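Here the structure is laid out as structure tokens; the discussion comes afterwards.
The values are calculated or read from the model by the stated rules, or taken from the named source; none is laboratory data. As the structure is a computational prediction, the values presented were derived from the model and not from experiment. Heads up, the Cβs are rebuilt from the backbone with ideal geometry, glycines too, and the neighbour counts pull from every protein chain shown.
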Amino acid sequence: MSPGTPPQGNGAPLTAMPPLLRHDSQVVILGSFPGTASLRAREYYAHPRNQFWSIMGRLLQHPLPSQSYAERTRCLLDHRIGLWDVYASCLRHGSLDSAIRSPVLNDLNTLRVMAPDLRLVIHNGAESARRIGEIEQLGLPAVRLPSTSPANARIDVESKLALWREALARAGVLPGRP
């Protein structure tokens, strides 16, 4: 196994990435747990067919899919958008949420400390949204949006884009909005 390659199927727990947040973040997008491509690259949404960077690029009016990861994440943070996952570690073979076993939860209570001005928590997909009640107990508005994963083919990209646009516009983090 090469360096950076996550263990798969051998019983060793996989470890998620740290939160990508700044103190001034007003939105955080919570995934469930990084897929295999993301764990290998140590980059959020690294799978080339994941629609996340394409959708965010269109919404933020930046060519994110063609930019480096550092440029992508800087753009998100400059628009006061952060990224994190609901699980800190788990056992999983492959990348599907349905294969997650023995998950260890991230302490989402720390969101209030890491980003005290949060206006919205977006759950990227159903598995993440299983923690929506915990977010709402923190007094934070939360919404479940359709997953940007390539495994979610039930809804087309234009429909996903419209739902993501609506949520981010309400939070006031899209270009041209206060």
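Inside region 81-122, counting only strands (runs of 3 or more DSSP E) that do not spill past its ends, which hold 1 or more residues that are aromatic (Phe, Trp, Tyr)?
81-85, 87-91
Go over the candidates Arg165, Arg170, Arg101 one by one and state the one that is surrounded by 14 or more Cβ atoms within 10 Å (Cβ to Cβ), more than 15 Å from Gly31 (Cβ to Cβ) and modelled with pLDDT under 95.
Just a single option satisfies the conditions, and that option is Arg170.
Any residue at all in region 95-116 that is of a type in the set (A, V, I, L, M, F, W, C), in contact with a Pro (Cβ under 6 Å, 6 or more places away or on another chain), touching a residue at least 12 places away in the same chain (Cβ under 8 Å) and farther than 28 Å from His23 by Cβ?
No, every residue in region 95-116 fails to be of a type in the set (A, V, I, L, M, F, W, C), in contact with a Pro (Cβ under 6 Å, 6 or more places away or on another chain), touching a residue at least 12 places away in the same chain (Cβ under 8 Å) and farther than 28 Å from His23 by Cβ.
Considering only residues that are surrounded by fewer than 17 Cβ atoms within 10 Å (Cβ to Cβ) and within 19 Å of Gly139 (Cα to Cα), which ones fall in region 21-38?
Correct list: His23, Asp24.
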